[in-house]
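Readers should treat all values here as calculations from the given coordinates under stated rules, not as data from a laboratory. This one's a predicted model, so the numbers in the text were calculated from it and none came from an experiment. Backbone-built Cβ (ideal geometry, glycine too); neighbour counts: all protein chains shown.
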Amino acid sequence: MLELRNVTKVFNPGTPNEVRAIEGVDLTLEEGAFVAIIGTNGSGKSTLLNAVAGTFLVDSGTISLDGTDITRWPEHRRASLMGRVFQDPFTGTSPNLTIAENLVLAAQRGLPRRLGWALNRKAKDEIRARVQQLNMGLEHLIDNPIGSLSGGQRQALTLLMATWLKPRLLLLDEHTAALDPKSADQVIALTDAVVTRDRLTTLMVTHSMHQAANLGDQLIMMHRGRIIQEFRGAEKRRTRVDDLLARFEEVRRADQLDETAAEMLERTYV
Amino acid sequence: MSLLIGALTIGFILSLLALGVFISFRIFSFPDITADGSSTLGAAVAAAMIVNGVNPVVATAAGFAAGFVAGAVTGTLATKFKINGLLSGILVMTGLYSVNLHIMGRSNVPLLGEKTLTTYAQAIGTTVLGGRTSLNVMGWEVSTLDASVLGLTFVAIALTGVLLYAFFQTHLGTAMRATGDNSRMIRALGVNDGNMIVLGLAVSNGLVALSGAFLAQYQGFADVQMGIGMVVWGLASVIIGEALVGTRQLGFIICGAVMGSILFRLLVAIALRLGLNPNDLKLITAVFVFLALILPSLMRKFRSRRVRLSHA
């Protein structure tokens, strides 16, 4: 359903700050798959997610969703197919608009914005009902500006916004990284519930080995802009946090070896 | 009394300008100084058409449309061509100076003796009052002309305010407010934020041009210089309005911008009456806006210092 072929992105090409963020990534997501991506800092995992979301256009390769080539589609056009939750709780919601106004914007994701009333009684009742399902007591605050809420509450609402209209693809970009542990657990539980209920095809970048090991049915490890390992099916189910840590340790050692080896070669030959 | 009524009328007319500035500066955080040019543009288009015998209602609407287009051009420069917002406004404003001269054919077009909205208002007022040329308001003699122009302006501004408020409650209007508030979020929800900015600036400059068209007909002439300093003037009105009613509710802010515009005009009228040199007006307005912009942070600093001292 989602297919990435040989996708490459270089930031600041030709300058001293050149970063080869993703290099020749191939990735296929089946319908209904829940894929977690982990990786070290700067491994390109968030860049990969943003490439799919269309935050920038990739340098080469193709991205297609449901057989449609969306490689050159701008971000707002892809949004008709995708729901997104960001790492920063401030990114996913509009602080000066009320909870109800934010949600009604999400209820029109990918649809043309016309001159009909945004919030009629029916819309508000539906919003109240769906906000109540979050079990956060926010249903009484839907006319308050969203900026007055905590990070956890905002992320829960962003998740509700991303999935209000069932997206073809749900993109989660380290969406619990900025939260305290309790809120993070709450948001993860909500994520699991909505993904299972609506059978959403999901791509989740995470910093947490724990989440990566326990959530989803497919796991991808990235390093230096490449996918270095993929765990699927039974193998994924067997994978524990310790296995992931061990694999990362391996990668780190290999890196160190590379660098010292390079240094040695340099000393010898340059 | 006629000074007070005059100040009120101009205050109402310029509140359209304040509403336009509110849209660009506050909703989109876009420092749009196209308004200096589009204010004159509205006046120029309306005046040129009226002189050529066009119905003043049509001429005023055309003024609005011209401003709408000017704003759309600024928005397009800023979003499609990625030119810095301030510079986009400067480019369009500069270009409009020549456009305005072409439209008017000279630097000043008098409207005395023409059929304008002012003469319409007077005709309506005279009919309503049964042919009297003046009326008595709490002991003051007020000419029918002044009273009916004020009344008509009030109706026009109230109508615009209500329409604007309603617009910002629609799907489109909500998406626009969200664009200024958090553009990444609104893109992720499938809205082309660039188009929202273009449309928003178009509406903003349409209102500014409308105010220019009204002003020309009220004062009886359009002048190529009349738009200078309008952005700062509108900003001052918005700031006063925010101080008066706060920024929590959109409806309040819209009312506040109108109130701020009237209050500011009244203050200016009083200051001029007390002997202020009209040449100093723009400087004083600029200093006022400067103070209003830095005052909140100065107050915070002052307060935190006091807290520290009281703890020491």
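Each residue of region B:63-80 was assigned a 3J(HN,Hα) from its phi angle through the Karplus expression (A = 6.51, B = -1.76, C = 1.60, θ = phi - 60°), giving x, 4, 4, 4, x, 4, 5, 4, x, 4, 5, 4, x, 5, 4, 6, 9, 7 Hz with x at Gly and Pro. Semi-axes of the equivalent ellipsoid for chain A, computed as √(5λ) from the eigenvalues of its C-alpha gyration tensor and ordered from largest down, come to 36, 21, 18 Å. Here is how the number arises for the protein assembly as shown: DSSP H runs of 4 or more residues each give -39500 (n - 2.57), the sum is divided by the residue count, and the result at 222 nm is -19500 deg cm²/dmol.
Taking a straight Cα-Cα cut-off under 17 Å and skipping sequence neighbours fewer than 8 places away in the same chain, the aspartates and glutamates within cross-link reach of A:K124 are A:E101, A:E139, A:D143. Restricting the calculation to Cα atoms, region B:128-248 shows an Rg/Rh of 1.09 when the hydrodynamic-style radius is the Kirkwood one. Would you mind checking the tilt of helix A:181-198 against the longest principal axis of the Cα atoms of chain A, expressed as 0 to 90 degrees and rounded to 10? Its long axis makes an angle of about 80 degrees.
The largest-to-smallest principal axis extents of the Cα set in region B:251-312 are 49, 34, 17 Å. In terms of the mean number of neighbouring beta-carbon atoms within 10 Å, the peptides B:124-130, B:46-52 order highest first as B:46-52, B:124-130.
Over region B:2-276, the ratio between the Cα radius of gyration and 2.2 N^0.38 Å evaluates to 1.01.
Under 20 Å Cα-Cα from B:K82, which aspartates and glutamates qualify once same-chain neighbours fewer than 8 residues away are excluded? Straight-distance partners of B:K82: A:E75, B:D32, B:D181, B:D193. Proximity of backbone amide H atoms, modeled 1.01 Å from N, is registered between A:M204 and A:V35, A:A36, A:I37, A:L172 at under 5 Å, excluding neighbours fewer than 5 places apart on the same chain.
Applying 0.36 nm per residue to the separation of B:L272 and B:S98 and subtracting their alpha-carbon distance, the gain on full extension is 59.5 nm.
Which entries in A:K166/B:K80; A:K45/A:K236; A:K166/A:K236 show an alpha-carbon gap greater than 23 Å? The answer is A:K166/B:K80; A:K166/A:K236. Kirkwood radius and radius of gyration were both taken over the C-alpha atoms of region B:176-312, and their ratio Rg/Rh is 1.07. Couplings 3J(HN,Hα) of region A:68-76, computed from phi: 8, 6, 10, 4, 9, 5, x, 3, 5 Hz, in residue order, whole Hz [Karplus 6.51 cos²θ - 1.76 cosθ + 1.60, θ = phi - 60°; x for Gly and Pro].
For the protein assembly as shown, pairs of C-alpha atoms spaced more than 42 angstrom apart make up 39 percent of the total.
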